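To keep things clear, I will list the structure first and then write my remarks on it.
The values are calculated or read from the model by the stated rules, or taken from the named source; none is laboratory data. Owing to the predicted nature of the structure, the values given are computational and were not obtained by experimental measurement. Glycine gets a Cβ as well: all are built from the backbone with ideal geometry, and neighbour counts include every protein chain shown.
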Amino acid sequence: MRFLFTISRYLVGLLFIFSGGIKINDPVGTQIKLQEYFEVFSSDFSPIFEIFIPFTLILSVFLCTLEIVIGFALLMNYKMKITSKITLGLILFFTFLTFYSAYFNKVTDCGCFGDAIKLTPWESFYKDIILLVLSGVVVYIHPKLNNQKGYLYLKIFDDVNFRNGVIVTITVVCLIISYSAINFLPFIDFRAYKVGNYIPALMEPSDELKYSYIMEKEGRLYEFDNYPLDNSYIFKELKLLNPEAQAKITDYSLWNENGDFTEESFKGNKLFLIVHDINKLDLNEKRLENFISSLKSLDNSINFWVELIILTSSDENSLNTFTKKYDINLKTIYGDATVLKTIIRSNPGFFLMRNGTVKGKWHNNSLPNPEEILRRVNITI
């Protein structure tokens, strides 16, 4: 029993630390995912879930931090009576979310491992079932051990002050990391739009996509590499055999009043001022005025070499009202809100491309200077 308890405790603890560590690097990404869930729940269950949407960022930081802290608590065998129950409660919560996503096909990516590892809803659900069993083992066996520590237990964990210090330190570190990620972008960018990526290539499959044909005959399903010539088979679905070869970017599409702008966005040096929602900027009035002043100065300094463009998912009327109020005269193009939030987490934020290759990304709290932008696109003056 001690061996089973130890293995279960370590597996769950390490996975919690890994999962929480990836998500604490990008709490805004987890916030977006929580918003999706609350929007679905408000539609499917009750509008009361809408009251949680304004607090999703706080909830994101709390859940990511809690996941990491619980992971370390499991490894140290720290206050296992309450730790094991919190662990089981968290996994039950996650299992419900992943089952709901998978069964009703509502949220197609649970975000369990942020943008680092993509799982299908059913894969996420099966993963949570395994964790549920392991956490159940911990909850069931722990009271029967009569304060035995299990295997792989370090003597230093007997020091209560040490364990308390570890928990406090981990909590503070998590809060510092999340604060920095929210205000200055994630430390590690796992998304397809990270610096150095060539976007047009990621919009194409990395290899020829291969399919098999799922057919039905007399109530039984058959799988064929080629479409059968026998007309007695009824076609059911195509099965993709190499999903890893699919394009990493499938929804990058830009447009303006003249039509599609996607291909044009890959030509030359372009610095996009990305605005998710002009009515929900992450800037108060004073900071906004300073930001716009810096924006105009930046444009004057680089416009001979780099084109500065507003890229937004805001409605045209709201944007026109804003640009007229602050006397902003920049080309404007439009994109899908989800895509823009994937490209950069801040609203507004900067996204620099040179001939389709991502050269830089900046939060509105760390505006780039002209010299840095020109250096990124290999221009010296």
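Please state which one of Val172, Val166 is of a type in the set (Val, Ile, Thr), without any contact (Cβ under 8 Å) to a residue 24 or more places away in the chain, assigned to a helix (DSSP H, G or I) and outside the structural domain of Val358 (by TED's automatic domain parsing).
On the way: Val166 fails: without any contact (Cβ under 8 Å) to a residue 24 or more places away in the chain.
None of the other options fit; the residue is Val172.
Filter region 304-334 for residues that are among the basic types (Lys, Arg) and closer than 16 Å to Leu288 by Cβ and give the result. So that I can check it myself, show each step before the final result.
Going residue by residue through region 304-334, those that are among the basic types (Lys, Arg) are 324-325, 331.
Residues satisfying the conditions are Lys324, Lys325.
Mind telling me which of the residues Thr95, Thr65, Thr83 ends up being under 21 Å from Thr6 (Cβ atoms), part of a helix (DSSP H, G or I), among the polar types (S, T, N, Q) and outside the structural domain of Leu340 (by TED's automatic domain parsing)? Show your work before the answer.
Details: Thr95 fails: under 21 Å from Thr6 (Cβ atoms); Thr65 fails: under 21 Å from Thr6 (Cβ atoms).
Step by step, each of Thr95, Thr65, Thr83 is checked, and only Thr83 is under 21 Å from Thr6 (Cβ atoms), part of a helix (DSSP H, G or I), among the polar types (S, T, N, Q) and outside the structural domain of Leu340 (by TED's automatic domain parsing).
Does Ser314 count as in a loop (DSSP other than H, G, I, E, B) and of a type in the set (Ser, Thr, Tyr)?
Criteria met by Ser314.
Restricting attention to region 261-270, does a residue exist that is touching a Ser or Thr at 6+ places or on another chain (Cβ under 9 Å), without any contact (Cβ under 8 Å) to a residue 40 or more places away in the chain and within 30 Å of Val195 (Cα to Cα)?
Yes, some residue in region 261-270 is touching a Ser or Thr at 6+ places or on another chain (Cβ under 9 Å), without any contact (Cβ under 8 Å) to a residue 40 or more places away in the chain and within 30 Å of Val195 (Cα to Cα).
Filter region 230-263 down to the residues that are assigned to a helix (DSSP H, G or I) and farther than 15 Å from Ala201 by Cα and list them by number. Working first, answer last.
Here is the first cut: in region 230-263, the ones assigned to a helix (DSSP H, G or I) are 243-245.
Within region 230-263, just Pro243 meets the criteria.
For region 182-192, check the following and say yes or no: at least one residue is assigned to a strand (DSSP E or B) and in contact (Cβ under 8 Å) with a residue 24 or more places away in the chain.
Kept after step one, since they are assigned to a strand (DSSP E or B), are these residues of region 182-192: none.
Checking region 182-192: not a single residue is assigned to a strand (DSSP E or B) and in contact (Cβ under 8 Å) with a residue 24 or more places away in the chain.
Taking region 60-79 only, how many residues are within 15 Å of Phe93 (Cβ to Cβ) and crowded, with 16+ Cβ neighbours inside 10 Å? It would help to see each step written out before you state the result.
Taking region 60-79 and keeping what is within 15 Å of Phe93 (Cβ to Cβ), we get 60, 62-64, 66-67, 70.
In the following step, the residues that additionally are crowded, with 16+ Cβ neighbours inside 10 Å were identified as 60, 63-64, 66-67, 70.
Final tally of qualifying residues: 6.
Can you tell me which residues in region 296-333 are basic (Lys, Arg) and without any contact (Cβ under 8 Å) to a residue 60 or more places away in the chain? First the steps, then the outcome.
Filtering region 296-333 for residues basic (Lys, Arg) gives 296, 324-325, 331.
Lys296, Lys324, Lys325, listed by residue number.
With respect to Glu289, is the statement that it is assigned to a helix (DSSP H, G or I) and surrounded by fewer than 13 Cβ atoms within 10 Å (Cβ to Cβ) true?
Answer is yes for this residue.
Identify all residues within region 291-328 that are polar (S, T, N, Q) and closer than 19 Å to Asn369 by Cα; write none if there are none.
Scanning region 291-328 gives Ser293, Ser294, Ser297, Asn300, Ser301, Asn303.
Where residues in region 314-330 are surrounded by fewer than 19 Cβ atoms within 10 Å (Cβ to Cβ) and touching a helix residue (DSSP H, G or I) at 6+ places or on another chain (Cβ under 9 Å), which of them is farthest from Lys267 (Cα to Cα)?
Among those that are surrounded by fewer than 19 Cβ atoms within 10 Å (Cβ to Cβ) and touching a helix residue (DSSP H, G or I) at 6+ places or on another chain (Cβ under 9 Å), it is Tyr326.
When you check Ser314 against the structure, is it within 27 Å of the chain's Cα centre (by Cα) and of a type in the set (Gly, Ala, Ser), yes or no?
The answer is yes for Ser314.
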